[in-house]
Amino acid sequence: MKILEVQTALANLGYRPGPLDGVWGRQTAAAVKEFQTRHGLTPDGVLGPITIAALLPSAVPGKDLEQDGLVWFKEARRLIGTKEKPGTGSNPTILDWAQNIDVHYPGDDIPWCGLFVAHCITSTLDREPTPTNVLSARAWQSFGIKTGPTAGAVMVFWRKSRSSGLGHVGFYAGEDGDAYRILGGNQSDCVSLAWVGKDRFVGARWPATIPPPVPKAVRVSRTDSLSWNEA
């Protein structure tokens, strides 16, 4: 079962989930909450098994549904390849992320790994609080609740030195013995997958409005080198 099926079912029932594009966003979450309210369910906007059974009684929950639950991580994957604009000017997509959450951000020559994480979280989890200064990678140490490295977790790293206050933030996408595979923004000036050493790891966080999983490592073979070219 996919997000598009959920959107289509909501639209057929007279709700307004936004564009039928298979992308989880605020309109889809709001439509799910309205559906839950009208059916006497907890209006949390989460596609749990009870909500799915009410909305799509013929659906068979399985692996796809489990993955679709990580809606912020799905949005991050969708944006892989988004790049800074070289030279003068900025990529309007990146500027829109800041405008949508009312953050002053003059141009994509300013580190935007934290902005990328903020976009993925706020555009898909409409009740989830974010750090006051989302542009600061290390500010994400206070996001949500503590977890272990697991698929979709927000991963925070130090940069230059542990005491510098500088860092990098992205989403857990796997690991090997020495490094984490991170899906993040401003990695080689784009949204991409990069390896970041485990010796730089500060902490992993999970959205407070989503039931936390039992952390599970995802083992991935590394074919490229560790990255130091990220904000």
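The values are calculated or read from the model by the stated rules, or taken from the named source; none is laboratory data. Quick caveat, the model's predicted, so the values are computed rather than measured. When we count neighbours, we look across all protein chains shown, and the Cβ atoms used for this are built from the backbone with ideal geometry, even at glycine. Protein only, heavy atoms only, side chains kept; ligands, DNA and RNA dropped before computing areas. Shrake-Rupley method; radii C 1.70, N 1.55, O 1.52, S 1.80 Å.
Using Cβ point charges alone (K and R +1, D and E -1), the dipole size of the chain about the Cα centre works out to roughly 440 debye. Label the chain by shape, choosing from rounded, prolate and oblate, from the square roots a ≥ b ≥ c of the eigenvalues of the Cα gyration tensor; if a/c is under 1.5 it is rounded, and otherwise prolate applies when a/b is larger than b/c, oblate when it is not. Prolate, since a/c reaches 1.5 and a/b exceeds b/c. Neighbours of residue 107 by Cβ distance under 12 Å: Lys/Arg scored +1, Asp/Glu scored -1, total -2.
Accessible area per residue for the chain, computed on protein heavy atoms with a 1.4 Å probe, is 48 Å². Applying a DSSP loop filter and a limit of 15 other Cβ atoms within 10 Å to the trypsin sites (Lys or Arg not before Pro) in the range 1-56 leaves 2. Here the contact order of the chain, divided by its residue count and restricted to Cα pairs under 8 Å and six or more residues apart, works out to 16 percent. To the nearest ten degrees, helix 3-12 and the longest principal axis of the Cα atoms of the chain are 30 degrees apart. Under 5 Å between amide hydrogens, built in the peptide plane, is the criterion, and for residue 179 it picks out 198 among residues at least 5 positions away or on other chains.
Using the Cα gyration tensor of the range 110-215, with a ≥ b ≥ c the square roots of its eigenvalues, what is the shape: rounded (a/c below 1.5), prolate (a/b larger than b/c) or oblate (neither)? Because its axes are fairly even, with a/c under 1.5, the range 110-215 counts as rounded. If you take all other residues with their beta carbon under 12 Å from the beta carbon of residue 10, and give Lys and Arg +1 and Asp and Glu -1, the sum is +1.
Here the chain has 53 percent of its accessible surface on carbon and sulfur atoms, given a 1.4 Å probe and all protein chains in place. Relative contact order of the range 97-231: 26 percent, from C-alpha pairs under 8 Å at least 6 residues apart in sequence. So if I take the centroid of the Cα atoms in the range 103-149 and the same for the range 188-222, what is the distance between those two points in Å? Taking the Cα centre of the range 188-222 as reference, the centre of the range 103-149 is 14 Å away. Phi angles of the range 151-168 translate, via the Karplus equation with coefficients 6.51, -1.76, 1.60 and θ = phi - 60°, into HN-Hα couplings of 3, x, 5, 7, 10, 10, 10, 8, 9, 6, 7, 4, 9, 6, x, 8, x, 9 Hz per residue; Gly and Pro are given as x. Cross-link reach is defined here as a Cα-Cα straight distance under 21 Å, omitting same-chain residues fewer than 8 places apart; for residue 2 the lysines meeting it are 33, 63, 74.
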